[in-house]
Every structure is written in structure tokens, then in C-alpha cells.
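What follows is a set of notes on a single structure, which appears directly below.
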Amino acid sequence: MLERFQSNRHALGFAFMLPAAILLIGLLAYPLGLGTWLGFTDAKIGRAGSWIGIENFTYLITDSVFQLSVFNTLFYTIVASIAKFLLGLWLALILNKNLPFQSFFRAVVLLPWIVPTALSAIAFWWIYDSQFSVVSWALVKMGLIDTYIDFLGEPWLARMSVIIANVWRGIPFVAISLLAGLQTISPSYYEAASIDGATPWQQFRFITLPLLTPIIAVVMTFSVLFTFTDFQLIYVLTRGGPLNATHLMATLAFQRAIPGGSMGEGAAIATMMVPLLLAAIMFSYFGLQRRAWQQGADK
């Protein structure tokens, strides 16, 4: 019996996949299903609640704080993701060149990514402090400003401040991932283009960018997912303030569900994040389809 099982490729493959499947179901599928169910109930902390249909969702659509959190989330995700891509691509192109101490610089670039998010947020909290900000101190000493800037006290300043912190933390992931993609492009393409008289911009436009497109699609999908669901950075820096100007959907869901005690409402906010996350996953899918087309596979 055991020998027959070992010789059956399908049964053996299922046996190897079973532990991973149990973990995925227990740690991902079950919490997602439970959260979705809670979104349709009036559950409170300490009380199971009862089914109320779409009341949580209809209330949230008219809730001004939720509307602001949706705007903040989209603005935060779009601006930060674009900035991380542009700066990460620029950094990857630099690191791909033959520079002195190349390995050292590549290792240093990873530091913002490997530092725990909470520690990064605390460092930026000190940098942005209204009384002890090193940025304000330097600007005052240079005579560019007269008083310290309240980075986290003004709505738009706070929005841009948390975006800068997120970009600083996320650039290494984008840069190193794109650098790995650049390493796979054969130098012979650039040599042939140079012989034909192509300029550096033309080489980037017609060689680097098309061949890097599959990697860009995957990297940007993960970047968007990480940014859209960001919680630690915002919660440590501002906790959604001032005046809810930096509340993202993730932080608002936590605030309504845990400190606020309304589990159903918090779960509904989290559930409404899913369609936007699925859109990002579809972006990655079409990027991979393009990769198959570039390799000559069937569409």
C-alpha cells in the first residue's frame, strides 16, 4: 500500500502540499472568511452580534471619516508607489554599473528595508518633531525659516511626511528587485545598440524598459500591496491624525474595531479593501502574460 502511494505522483504531490494548505487555510482563508462574515454583523468586542446585512457598508459610504480614509489611502498609495518606482529604478541603474565598493553600496541600500518598521517610524517621528526636529533645526541655522515646522500637525504636511517615510523604507525593495532584473539582460544587446548608434536614452527606452517590464509588473504589484495595507508606519507616526488627515483604511479599520469596539464596522472597512487589492493582483497577472508573450509563448 505504501509503495503504491509513493509511486502515485498525484497522491504524493497532494501529501507534500497538505501541510502548506493547512497553514494557508488556518492563517489566511479562515481569518478572511471570518472577517468578511463579521462585516455583515453588528458584532462588538465581547458580543458575537447578529446578522444585519449591508448596514455597515451603507453607513460607511456616507461616513465622512471613511470617505477621507479612502482618499488618503489612494493618494498615499499612488504617490508613494510612483516615487518608489522612479527612485528605485534610478538607484538600480546606478548600482548596475561597475562602481568602486559596489558590494558595500548594495548592502547599504538594504538597510532601510531590514530595519523594523516601528523603529523606522520612531526615527521619523523624532525627525518630524515640532520642537526637536533636526530638519527644522538645520533650516533655521541656514536662515531659510524662522520657526520650526510642525510636520505632523498640519494635514497636508502630515500626508507628505508619512509618504516620505514610506518611500524611504520602500525604495530598497524596488531597487534590489529591479537590479536583479537588470542583471538578467545580456550586455550584447547594448553592444549591438551602441554599434548601431543608439543613445543611452534609446538603449534604456527600447532595450532596458521592455525587457524589465515583467519584473516591474511584479515588483510594483507587491509595492502597491505593501503600501495600500500599510499600518505600522502610520499608527506609530500619527495614529491617523491630525484631523484624520493620515487615516488609511487599514488604520481606520483597526481604530473602529479594537479601540472603538465595533468589530463589525471595522471588519466591513477591511472587507472593502479587498476589491482594490484584487485590482493590484490583476495588474501583476497581465504583466506576467506580457512576459510569456515576450518569450514567444502563446497568449
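The values are calculated or read from the model by the stated rules, or taken from the named source; none is laboratory data. Because the structure is predicted, anything quoted here is derived from the model rather than measured. Counting neighbours? That spans all protein chains shown, and the Cβs are built from the backbone with ideal geometry, glycine included.
For this structure, a couple of remarks:
- In region 213-222, residue nearest to Gly88 (Cα to Cα) [restricted to those that are of a type outside the set (Val, Ile, Thr) and touching a Ser or Thr at 6+ places or on another chain (Cβ under 9 Å)]: Met220
- Qualifying positions in region 88-131 - under 26 Å from Gly181 (Cβ atoms), assigned to a helix (DSSP H, G or I) and among the aliphatic types (A, V, I, L, M): Leu89, Leu91, Ala92, Leu93, Ile94, Leu95, Ala107, Val108, Val109, Leu111, Ile114
- When residues of region 192-235 are limited to those that are over 18 Å from Ile82 (Cβ atoms), modelled with pLDDT of 90 or more and buried (at least 19 other Cβ atoms within 10 Å of the Cβ), the one nearest to the chain's Cα centre (by Cα): Ile234
- Answer from Gly197, Gly241 - the residue that is without any contact (Cβ under 8 Å) to a residue 60 or more places away in the chain and not in a helix (DSSP H, G or I): Gly197
- When restricted to residues that are in contact (Cβ under 8 Å) with a residue 24 or more places away in the chain and in a loop (DSSP other than H, G, I, E, B), region 204-238 contains 3.
- One residue stands out among those in region 137-158 that are in contact with a Gly (Cβ under 9 Å, 6 or more places away or on another chain) and in a loop (DSSP other than H, G, I, E, B): the one that is nearest to Ile234 (Cα to Cα), which is Leu152.
- Only one of Thr117, Thr62 that is of a type in the set (S, T, N, Q) and in contact (Cβ under 8 Å) with a residue 60 or more places away in the chain: Thr117
- Conditions (1) in contact (Cβ under 8 Å) with a residue 12 or more places away in the chain; (2) under 30 Å from Met272 (Cβ atoms); (3) surrounded by fewer than 17 Cβ atoms within 10 Å (Cβ to Cβ); (4) out of contact with any helix residue (DSSP H, G or I) (no Cβ under 7 Å at 6 or more places or on another chain): number failed by Leu111: (2)
- Count of residues meeting criterion [in a helix (DSSP H, G or I) and closer than 14 Å to Ala267 by Cα] in region 9-49: 10
- For region 145-161, the candidate set comprises residues that are of a type outside the set (A, V, I, L, M) and without any contact (Cβ under 8 Å) to a residue 12 or more places away in the chain; within that set, the residue that is nearest to Leu74 (Cα to Cα) is Thr147.
- Lone qualifier among Leu144, Leu157, Leu182 - being among the hydrophobic types (A, V, I, L, M, F, W, C) and touching an Asp or Glu at 6+ places or on another chain (Cβ under 9 Å): Leu157
- Qualifying residue in region 35-49 (condition: among the polar types (S, T, N, Q), closer than 26 Å to Met272 by Cβ, within 23 Å of the chain's Cα centre (by Cα) and surrounded by 13 or more Cβ atoms within 10 Å (Cβ to Cβ)): yes
- Residue within region 140-150 that is out of contact with any helix residue (DSSP H, G or I) (no Cβ under 8 Å at 6 or more places or on another chain), surrounded by 15 or more Cβ atoms within 10 Å (Cβ to Cβ) and modelled with pLDDT under 95 present: yes
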